Amino acid sequence: MDGELVTAIVATGVSAVATGYAAIQAHIAKGAARSAEAQVVLLLRQIEGEEADRFEARGPQFSIEAAHTDESDVNVPRGKLVVKQGSGPPLSSVIVSAAGAGVEGMRGAYDPDHGYSEYRPEQSIDIGPIAKGGTHDVYVDLDYNTRRTNIQLSLVCRDSVGDTWQRSVAARVEPLPDPPRGRGRGRTVR
């Protein structure tokens, strides 16, 4: 066998081994690239989640300061709930809807000159702007024989730049207790 032929055969073998090794390295590199891409996707999801958590934490928080059944309208009992914004940005709009046993809907807008124009419960009402520390009376129409029930309010809140949050609060409404008999309120009898 001639020396050139041996050199060619050895060179071909070395080339085949080098090609195989390069293919293995390419496969490893592709796997590492896929792993790095997966880590980037995971990191982006984590960042998005943290951003969403910060957004929610920055949003408004509400509570119910007082709640009772109001029977001043003899035709329709209603729940009167005082909603308070405890924290968050000033809001330009808060759309409120109600749910619960015996709940018929939201009491529509009140006209001071004419009262409520007609009995027609609304699906939801916009109570308008409110800011931290502010309160708003919300009236919920109840079924004619409902005096005690749990009411859940769903609030869709929007600030002046258009950011929107969804919140919910709940309270039990019951008739106010009758005042004690005997003594008048605020007077001492001697």
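Structure notes:
- Within straight-line cross-link reach of LYS132, lysines at Cα separation under 28 Å, skipping those fewer than 8 residues along the same chain: LYS80, LYS84
- Gaussian network model of the chain, springs between alpha carbon atoms under 10 Å - residue of ARG78, ARG34, ARG158 with greatest fluctuation: ARG34
- Nonlocal amide H pairs with THR149, under 5 Å, H built at 1.01 Å: VAL173
- Helix 3-58 axis, angle to the chain major axis (alpha carbon atoms, nearest 10°): 10
- Long-range amide H partners of ASP159 with built H, under 5 Å: SER92
- Amide proton proximity set for GLY108, modelled H, under 5 Å, gap of 5+: ARG120, GLU122
- Protein heavy-atom accessible surface, 1.4 Å probe, per residue over the chain: 68 Å².
- Computed in the context of the full set of protein chains, the accessible area of the chain at 1.4 Å probe radius has 54% of its extent on carbon or sulfur.
- Think of it as helices only: each DSSP H run of n ≥ 4 in the chain is worth -39500 (n - 2.57), and spread over all residues that comes to -11000 deg cm²/dmol at 222 nm.
- Over 24 Å [Cα-Cα, the chain], rounded percent: 62
- Largest GNM mean-square fluctuation across THR149, THR19, THR135, computed for the chain with C-alpha springs under 10 Å, falls on THR19.
- Mean Cβ count within 10 Å, highest first, over the residues of peptides 51-64, 89-102: 89-102, 51-64
The values are calculated or read from the model by the stated rules, or taken from the named source; none is laboratory data. Keep in mind that this is a model prediction, so the values were computed, not measured. Backbone-built Cβ (ideal geometry, glycine too); neighbour counts: all protein chains shown. The accessibility values were calculated without ligands, DNA or RNA, using every heavy atom of the protein model including side chains. Shrake-Rupley method; radii C 1.70, N 1.55, O 1.52, S 1.80 Å.
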